[in-house]
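Right, one structure below, let's go through it.
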Amino acid sequence: MSTDNNSQKEFQELADWVIAETKKAGAKDCKVNISKRRFVEINYRDKKPEVIKEATTQGLNLQVFINNRYASQSTPDFRKSTLSGFITDVIESAKIMEEDPFRTLPDPKYYAGRSTSDLQLADPSHSELTPEERHVMAQKVEEGCLKQGGSKVISVEAGEYDDTYDEFVKSSNGFIGANRTTQCWTGANMTAQDEGDRRPSGYNWVGCRYRADLPSLDEVGKTAALRTLDLMGGKKIQTETLPIIIENRGVGRVLGGLQEPMWAGNIQQKRSFLADKKGQSIGSKLFTIQDDPFLPRALGSKYYDDDGFPTKKRTLITEGTLDEFLVNWYYSRKLGWEPNSGSISNLIIPPGTRSVDEIIRDMDRCLLITDFIGGNSNSTTGDFSVGIIGKLFNKGQFVQNVAEMNMADNHLKFWHKLVEVANDPWIYSSARLPSLVFDGVVVSGI
């Protein structure tokens, strides 16, 4: 497990004191979460630094349980002299809340079985990153974007962001969790001059736990420019039904609309179109989703969830069949179900064997969707609608860039249209999803 010994020791001593004082003040149970985050953010525009931020924030969250009543409050002040008053305030807040017999700390038996493997959540070289190196990162990304964008560039904003996060969690009934993570992001936003007054904007941002896992900075900048130039001349096409390919980095946007009704809270509150679909087919045989918290260095990897349950690798959907809902402790009690964690770690769709280019070469008319604009998804009905941007191809040949189109469908029909999974999972996210190919999708334009 990744920890910083000095911070964790201080946090543990403070957590022990807070729990003792909270119980002394009348709480039956309590849980304290102490955290500290240090971040640096640098942005460049016109080859000059525009934003430089560096800050350390800290927080102490206290959850209190008294006679079926519950309250939760946070404070950035760690001084014991002020925490005494803070604890009293949380206790008094809990006493005036409505009774909720389902709001308790989890049964301690669910805390057992946590992984001891090294998930490599914190880059040991992160503290060696100097201010000069951060500026160089932003400058190189900006240079790559400006060079690739050429005369079409109106403006480029490039940047770097990194942080270190330390956490210590302890409950009065036996849960203890400690963790340290790091992350480092870089990228650029570009605005280009198109025909008339059109000024399309594109971007490319990537992030990793370990700075060494980032792609080359020049490549990051060039990709931001290329993705912006791909928006040039984008126009609507006729409304039609055709195969679509959703690019890897955008798949999570549509998948989120299917994930939301899997949450037990929406099921208990009658806001889920999947409530009666467990064990049933909701997608094609190619549709399998895994939740894997044990990928080393991955942004979503973790040892325990918000309830303190040990994370486990699980399959949510197998070959189109819904296997699991996302059930946290609170809603497990309201529904009378066994809890299995209400949160996601790294979302995985097993990749296929062909690249997007290979797939497009073998298709007739098809639309590669590279980004979304706006949109909504109804967790009660499964209906969703989203604006799309992309590239139209015919028999493997580029036809035109596409913009200002719309795609609307229902999740219970849409995922049955999945006909191929590409081999390109997007690794700069906790949603490590490959590009997906769907047949017979209506896209609305002219």
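The values are calculated or read from the model by the stated rules, or taken from the named source; none is laboratory data. Fair warning: this is a prediction, and the values are worked out from it, not measured in the lab. All Cβ positions, glycine included, derive from the backbone under ideal geometry; neighbour counts span all protein chains shown. What goes into the accessible areas is simple: the full protein's heavy atoms, side chains included, and nothing from ligands, DNA or RNA. Shrake-Rupley method; radii C 1.70, N 1.55, O 1.52, S 1.80 Å.
Going 7 Å from the Cα of Thr104 in the Cα-to-Cβ direction, what parts of region 303-341 have a backbone nitrogen less than 14 Å from that spot? Inside the label zone: 329-337, 339.
Using the Cα centre of region 3-230 as the reference point, and only Cβ charges (+1 on K/R, -1 on D/E), how large is the resulting charge dipole? Debye, rounded to the nearest 20. Before the final figure, lay out the partial values.
Working: 31 positive and 37 negative charges, 103 e Å.
Here region 3-230 has a charge dipole of around 500 debye.
Rounded to 0.05, the FRET efficiency of the Asp306 and Lys334 pair, given R0 = 25 Å and the Cβ-Cβ distance, is 0.95.
For the peptides 142-148, 198-204, what is the packing order when you average, over each peptide's residues, the other Cβ atoms within 10 Å and list the highest mean first? Intermediate results must be reported in sequence, preceding the final value.
Details: 142-148: 21.4, 198-204: 18.1.
Answer by packing, highest mean first, reads 142-148, 198-204.
With the gyration tensor restricted to C-alpha atoms of the chain, the semi-axes of the equivalent ellipsoid amount to 42, 30, 19 Å, longest first. Taking 14 Å as the straight-line reach from the Cα of Lys312, the aspartates and glutamates in range (excluding those fewer than 8 positions away in the same chain) are Asp291, Asp292, Glu324. Counting only alpha carbon atoms, the long axis of helix 5-24 and the longest principal axis of the chain meet at about 50°.
Just report the Cα centroid separation between region 414-436 and region 308-323, whole Å. If we compute the Cα centre of each part, the gap is 17 Å. Computed from label points 7 Å out along Cα-Cβ, the spacing between Thr130 and Glu358 is 4.5 nm. Take region 240-445, drop everything but the C-alpha atoms, weight them equally and run the Debye formula without solvent; then report log10 I(q)/I(0) at 0.15 Å⁻¹ to two decimals. Debye intensities relative to I(0), on a log10 scale: -0.95. Take the Cα of Gln73, step 7 Å toward its Cβ, do the same at Val442, and the gap between the two points is 5.3 nm.
Quick one: accessible area per residue over region 240-445, 1.4 Å probe, rounded to a whole number of Å²? List each step's numbers first, then the result.
Values: 8200 Å² over 206 residues.
Value for region 240-445: 40 Å² per residue.
Region 130-175 and region 205-220 have Cα centres spaced 9 Å apart. Could you check how much of the accessible area of region 240-445 is carbon and sulfur, as a whole percent, using a 1.4 Å probe? Percent of accessible area from carbon and sulfur atoms in region 240-445: 47. Each residue of region 137-149 was assigned a 3J(HN,Hα) from its phi angle through the Karplus expression (A = 6.51, B = -1.76, C = 1.60, θ = phi - 60°), giving 4, 4, 5, 5, 5, 4, 4, x, 6, 4, 5, 6, x Hz with x at Gly and Pro.
Okay, helix-only estimate at 222 nm for the chain: each DSSP H run of n ≥ 4 adds -39500 (n - 2.57), divide by all residues, round to 500 deg cm²/dmol; what do you get?
Numbers: 9 runs with 102 residues, N = 446.
After summing the helix terms and dividing by the residues of the chain, the value is -7000 deg cm²/dmol.
The distance between label points at Ser281 and Lys147 comes to 5.2 nm (points 7 Å beyond Cα on the Cα→Cβ vector).
Shown here for region 347-419: trypsin sites (Lys or Arg not before Pro) in loop regions (DSSP other than H, G, I, E, B) with at most 14 other Cβ atoms within 10 Å, namely Arg365, Lys395. On the basis of the beta-carbon distance and an R0 of 25 Å, Ala212 and Gln12 show a calculated FRET efficiency of 0.20.
What the phi angles of region 409-422 give under the Karplus curve with 6.51, -1.76 and 1.60, with θ = phi - 60°, is a coupling list of 6, 10, 4, 5, 9, 4, 6, 6, 8, 5, 10, 7, 10, 7 Hz, glycine and proline written as x. Relative to the Cα centre, the charge distribution of the chain, modelled as +1 at Lys and Arg Cβ and -1 at Asp and Glu Cβ, gives a dipole magnitude of about 600 debye.
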